[in-house]
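Just below is one structure, and these are the notes that go with it.
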Amino acid sequence: PLPLFFNLSLSPSYHQTLDTKDLKVSKVTANGQAAKFTLGPKHSFMGTPLEITLPFDLSRGQHVIVEVTYETAPNASALQWLTPEQTAGKKHPYLFSQCQATHCRSMVPCQDTPAMKHTYYAQVSVPKELVAVMSAVRDGEEPDPQDSSRAIYRFRQPVPMPSYLIAIVVGALESREIGPRSRVWSEKEFVDKAAYEFSETETMLKTAEGLAGPYVWGQYDILVLPPSFPYGGMENPCLTYATPTLCPCLLTYVFYICVIAHEISHSWTGNLVTNKTWEHFWLNEGHTVYLERMIGRSMESEQFRQFKAMGGWKELQESVNTFGANNPLTNLVPNLNEVDLDEAFSSVPYEKGFALLYHLEELMGGPEVFMGFVKSYIQLFSYSSITTEEWKHYLFTYFKNKVDILNKVDWNAWMHTPGMPPVKPQYDSTMADACIALCKRWGDLGNFSEWDVKTLSTHQLIEFLSLLLQQEPLPLSHVKRMQEVYQLNSFNNAEIRFRWLRLCVKSKWEDAVPMALKMATEQGRMKFTRPLFKEVYNFDKYHEEAVRVFVAHRAAMHPVTANLVAKDLKVDNDKST
Ligand SMILES: CC/C=C\C/C=C\C[C@@H](O)/C=C/C=C/C=C\[C@@H](O)CCCC(=O)O
Ligand SMILES: [Zn+2]
């Protein structure tokens, strides 16, 4: 049971509608009185409306308690249920949710739109060996009075937030304190290493507050999920999710700056100022990447920010190449009518959004000037949900003395045209030059040594491999020589291993195929899993092997990951095969 109490604003009408997906609703009451309800027509991927007829008139401003008794489905798209064997500890089951963008409705009947913000209170009953955490402030725990084998955990979220940020994790969790307002949570097998990896979190929080204003959410915890979590991180308030692919090696402090800085930045852009609909997702992600890189500028250097911006441009290029340069999903503000948002997801709102903000920074007078706008934008629109038009109107208001410059921006090309942006910023290549030079040297088989890569930082090695991936595949002789000289097969850093294995498979190195499929299935971060499966699928000789391995692992994969890899490999989604 997951009693959740929302403070929703309902329209003053007999009829109220909540979003659901695959929920089994058994009863609805309003202020304790039975209320009639019907489940409307089922949409292919958006679920089913729950239409409730209140048993009394409702006047404006009147409070009413609507209770819905329901069960989630085993295949709820917001939830992944892990067997003990799928966990690190092997003794207890594990549950985690991932609601963004419109999966909350498969966990809770709700107004599943970012246009609506609400507080919430929850009490969760779990087997007493397990711990529950949520995207809220912990509000006590006690033995379940109705069952001595269970415990009740209470949570409250006093800051209004959209449904996609509701999150719950239940498992054999432990935590360690990593700061005055932060704990790190995971299974005990990872918790001490995670506490070490994320020890700079308070420093990063303070840096973010210096840029964006006070952190209003109270607690900032980090939860390291099992390897099947489909994303690098998720900005659930009070409880940032992090993939364990951040931690398997001694993470250089600089390395996690990007992921945790990104999720911390969402505490302002996305979680306080929220896109009103998912067409305006770039407002969440473009501003968050901009803030993330301003944190990198503060904690590292401007050259580091420039280096990450260059890398982001390549990520954008890869997304545009994957979708196709004329695909309207590469618009900064796409039309998402009847579009499955998981399929529309890419780096476009992140990196085309960042590129626009960086371009505007250059036009308006530099980082300090533009950060002044971003901080003011956050102050003005906090606790609300807005559209691109509202953002643009405030941009012109804030820079009222530079409207002539803003009017020269090709807004239609930037916002409503597919493909790469109309302007490519000239980023400083100081940190990238060594990567570019080494990439050029591999144009032929010259003299190489291990020091070529030992003199590169983790980030620069990743950039070197990204540059090679952007080119035509290297001859097989080159990747074999690269392995002899650099021993890249021995690197466990996920970002390095992912790119290296893609390079090898693209060059048709058969020894790399089992390693690529192993990485694609041992963890489930879609950033890695989907391209690795696709690379093997596109290697003619191993096309069927890719499908066979996917079908064999599908049942243990996160439902969203399984759905998208099935589409990538053109495997039907019928579980029977
Ligand atoms: C144009 C698309 C509009 C809306 C899509 C919104 C959400 C899509 C849904 O698939 C959820 C995405 C969640 C992403 C979470 C974290 C990312 O910031 C990181 C993704 C890449 C990574 O693994 O690092
Ligand atoms: Zn984000």
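Which residue out of Val126, Val133 is farther than 27 Å from Thr274 by Cα and open to solvent by less than 10 Å² (accessible area, probe 1.4 Å)?
Val126
So Ala35 clears everything in (1) at pLDDT 95 or above; (2) within 25 Å of Pro158 (Cα to Cα) except one condition, right? Which one?
Condition not satisfied by Ala35: (2).
Just one of (1) within 16 Å of ligand 1 (Cβ to nearest atom); (2) of a type in the set (A, V, I, L, M, F, W, C); (3) open to solvent by less than 20 Å² (accessible area, probe 1.4 Å); (4) modelled with pLDDT of 95 or more trips up Leu272, so point out which.
(1)
Select, from Ala520, Ala555, the only residue that is assigned to a helix (DSSP H, G or I), free of Cβ contacts under 8 Å to residues at least 40 places away in the same chain, away from ligand 2 (no atom under 16 Å from the Cβ) and open to solvent by less than 10 Å² (accessible area, probe 1.4 Å).
After ruling out the rest, the residue left standing is Ala520.
List the pairs whose first member sits in the range 282-303 and is free of Cβ contacts under 8 Å to residues at least 60 places away in the same chain, whose second member is basic (Lys, Arg) and open to solvent by less than 40 Å² (accessible area, probe 1.4 Å), and whose Cβ atoms are under 7 Å apart, counting only residues at least 6 apart or on separate chains?
Gly296/Arg305
What number of residues within the range 80-94 satisfy the criterion of being free of Cβ contacts under 8 Å to residues at least 60 places away in the same chain and under 28 Å from Leu18 (Cα atoms)?
Here the count works out to 1.
Are any of the residues in the range 83-93 assigned to a helix (DSSP H, G or I), among the acidic types (Asp, Glu) and out of contact with any strand residue (DSSP E or B) (no Cβ under 7 Å at 6 or more places or on another chain)?
Within the range 83-93 (the criterion being assigned to a helix (DSSP H, G or I), among the acidic types (Asp, Glu) and out of contact with any strand residue (DSSP E or B) (no Cβ under 7 Å at 6 or more places or on another chain)), the answer is yes, since at least one residue qualifies.
Can you tell me which of Phe307, Phe323 is of a type in the set (Phe, Trp, Tyr), more than 17 Å from Asn236 (Cβ to Cβ), modelled with pLDDT of 95 or more and open to solvent by less than 20 Å² (accessible area, probe 1.4 Å)?
Phe307
Based on this model, can you work out whether Ile178 counts as surrounded by 20 or more Cβ atoms within 10 Å (Cβ to Cβ), within 12 Å of ligand 1 (Cβ to nearest atom) and of a type outside the set (Gly, Ala, Ser)?
Here the answer is no, as Ile178 does not meet what is asked.
For the range 218-232, enumerate the residues that are open to solvent by less than 10 Å² (accessible area, probe 1.4 Å) and either within 15 Å of ligand 1 (Cβ to nearest atom) or aromatic (Phe, Trp, Tyr) (or both).
Residues satisfying the conditions are Tyr220, Ile222, Leu223, Val224, Leu225, Pro226, Phe229, Pro230.
Can you tell me which of Thr245, Thr203 is touching a residue at least 40 places away in the same chain (Cβ under 8 Å), farther than 20 Å from Val374 by Cα, open to solvent by 10 Å² or more (accessible area, probe 1.4 Å) and within 16 Å of ligand 1 (Cβ to nearest atom)?
When all the criteria are applied, what remains is Thr245.
Quick one: which strands (runs of 3 or more DSSP E) sit completely within the range 151-270 and have at least 3 residues that are under 30 Å from Met107 (Cα atoms) and within 16 Å of ligand 2 (Cβ to nearest atom)?
In the range 151-270, 239-242 are the strands (runs of 3 or more DSSP E) which contain 3 or more residues that are under 30 Å from Met107 (Cα atoms) and within 16 Å of ligand 2 (Cβ to nearest atom).
Pick from Arg499, Arg530: which is within 26 Å of the chain's Cα centre (by Cα), charged (D, E, K, R) and open to solvent by less than 40 Å² (accessible area, probe 1.4 Å)?
Arg499
For the range 444-475, give me the residue count where each residue is in contact (Cβ under 8 Å) with a residue 40 or more places away in the chain and part of a loop (DSSP other than H, G, I, E, B).
1
Return the residues of the range 330-375 that are open to solvent by less than 40 Å² (accessible area, probe 1.4 Å), part of a helix (DSSP H, G or I), under 30 Å from Ala78 (Cα atoms) and not polar (S, T, N, Q); say none if nothing qualifies.
Leu341, Asp342, Ala344, Val348, Pro349, Glu351, Lys352, Gly353, Phe354
Please work out which residue is farthest from ligand 1 (Cβ to nearest atom), limiting yourself to the range 310-320 and to residues that are among the aliphatic types (A, V, I, L, M) and either under 18 Å from the mean Cα position of the chain (by Cα) or open to solvent by 20 Å² or more (accessible area, probe 1.4 Å) (or both).
Met310
Checking Ala434 against (1) within 21 Å of Lys308 (Cβ to Cβ); (2) part of a loop (DSSP other than H, G, I, E, B); (3) open to solvent by less than 70 Å² (accessible area, probe 1.4 Å): exactly one of these is not met. Which one?
Only one criterion is unmet by Ala434, namely (2).
Among the listed residues Asn326, Asn337, Asn331, identify the single one that is near ligand 1 (Cβ under 10 Å from one of its atoms) and more than 19 Å from Met526 (Cβ to Cβ).
Asn331
Within the range 271-304, which residues are basic (Lys, Arg), assigned to a helix (DSSP H, G or I) and away from ligand 2 (no atom under 13 Å from the Cβ)?
Answer for the range 271-304, where residues must be basic (Lys, Arg), assigned to a helix (DSSP H, G or I) and away from ligand 2 (no atom under 13 Å from the Cβ): just Arg297.
The values are calculated or read from the model by the stated rules, or taken from the named source; none is laboratory data. Quantities reported herein were computed from a predicted structural model and do not represent experimental measurements. Cβ atoms come from the backbone with ideal geometry, glycine included; neighbour counts cover every protein chain shown. Calculation scope for accessible area: heavy atoms of the full protein, side chains included, ligands and nucleic acids excluded. Shrake-Rupley method; radii C 1.70, N 1.55, O 1.52, S 1.80 Å.
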